[in-house]
Every structure is written in C-alpha cells, then in structure tokens.
Amino acid sequence: MQTNFLPVLRNLVSAYQGFERYSAPDLRSMGLTMTQFDVIATLGNQPPMTCKELGEKTLVTKGTLTGVLERLESKGILDRKLNPDDARSQMIGLTIEGQKLFERVFPAHLQYLGKAFNQLSAKELAELSNVLQTLTTVFDK
C-alpha cells in the first residue's frame, strides 16, 4: 500500500528547523554554535571518549566534527590525547575550563528549551517520543 508521506516529511523538517530557530539564538548568546553545544553536552560529566564514540553520540557528521574539535581545542575547552589502548585514535575530553562551561551552559539551555517543550502535555511528549523512535528504527533498518 502506497502512503503519501510528503506531508509528514514536510512537518518533520519544519519541526527541526523551528527547533533550530528557537535553540540557536540562546546558544549564540552563550558564545556557542549548536554543534559546539552538542559536543560539550556529550562530553560533560563523562570520561574521555574516542572520536568515533563521540560521533556516534552526537548529531555531528565526521567531517564537521573534526573542525569543531579543533576550534574547541584551540579555545581550551577540550583536550585530545592518544588513546592508550589504540595509538591510531585519540581520547577526547573536556578540560577543567570545558567542564565549567558545560556546568554553566547545559542547565541554562535545558531550562530555555523547557519553556517550549513544557507547552506539551506528558502524554504528548511520550507519544512524540514513541513516534520519533519508531521513525528512527525504520530508517536504521
């Protein structure tokens, strides 16, 4: 059976674009891009991880991740060291300054996002989460 998925696709893309329009200015006010925040949020309160692990846990493509890591490293936010278990890879973690930045921006941005997401009921959030998980499963097959 053929279904018309174009309206769903349009709504999905519109929702993500709306999220970016809402989220990005708050992050810019803290001196970060969405991608930088994604990396910092993933590394915060975590032991160092490989670039591969970081790429799997963030929404950042491998090509973009390299440049973001270089910029964050040059700002003293993260540190890269050779992986003691595999010299072909690096371990990436937040510096003390990076962890302080995480502790400042992460809760502040979650509170900001909460202003939008709290407009949905608990039932709506659960339904939305389930539908998005189902869609992810479909694409990951």
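We did not get these values from a lab; they are worked out from the coordinates using the rules stated. Since we're looking at a predicted model, the values are computed, not measured. As a convention, Cβ positions derive from the backbone with ideal geometry for all residues, glycine included, and neighbour counts pool all protein chains shown.
The slack between residue 56 and residue 117, meaning 0.36 nm per residue of separation minus the straight C-alpha distance, is 19.5 nm.
Cβ crowding within 10 Å ranks 49, 34 as 34, 49, fewest other Cβ atoms first. Among 62/115; 52/100; 81/115; 62/123; 100/123; 57/100, which pairs are too far apart, with a Cα-Cα distance over 29 Å? Distance filter (> 29 Å) returns 62/115; 81/115; 62/123; 100/123.
Based on the mean of other beta carbon atoms within 10 Å per residue, what is the order of 91-104, 50-63, most packed first?
91-104, 50-63
Please give the helix 122-140 orientation as an angle from the longest Cα principal axis of the chain, in degrees from 0 to 90, rounded to the nearest 10. It is inclined by approximately 70 degrees.
Counting only Cβ charges, +1 for Lys and Arg and -1 for Asp and Glu, the dipole size of segment 6-112 around its Cα centre is about 240 debye. Axis angle, to the nearest 10 degrees, between helix 34-43 and the longest C-alpha principal axis of the chain: 60 degrees.
With respect to the chain, whose longest principal axis is taken over its alpha-carbon atoms, helix 96-117 is tilted by about 10°. For the chain, adding -39500 (n - 2.57) for each run of n ≥ 4 DSSP H residues and dividing by the number of residues yields -22500 deg cm²/dmol at 222 nm.
Among the chymotrypsin sites (Phe, Trp or Tyr not before Pro) found in segment 1-68, those both in a DSSP coil and sparsely packed, with 10 or fewer other Cβ atoms within 10 Å of their Cβ, are 5.
Which of these values of Cα extents along the principal axes in Å was calculated from the structure shown: (1) 52, 35, 24; (2) 41, 32, 30; (3) 41, 27, 25? The value matching this structure is (1).
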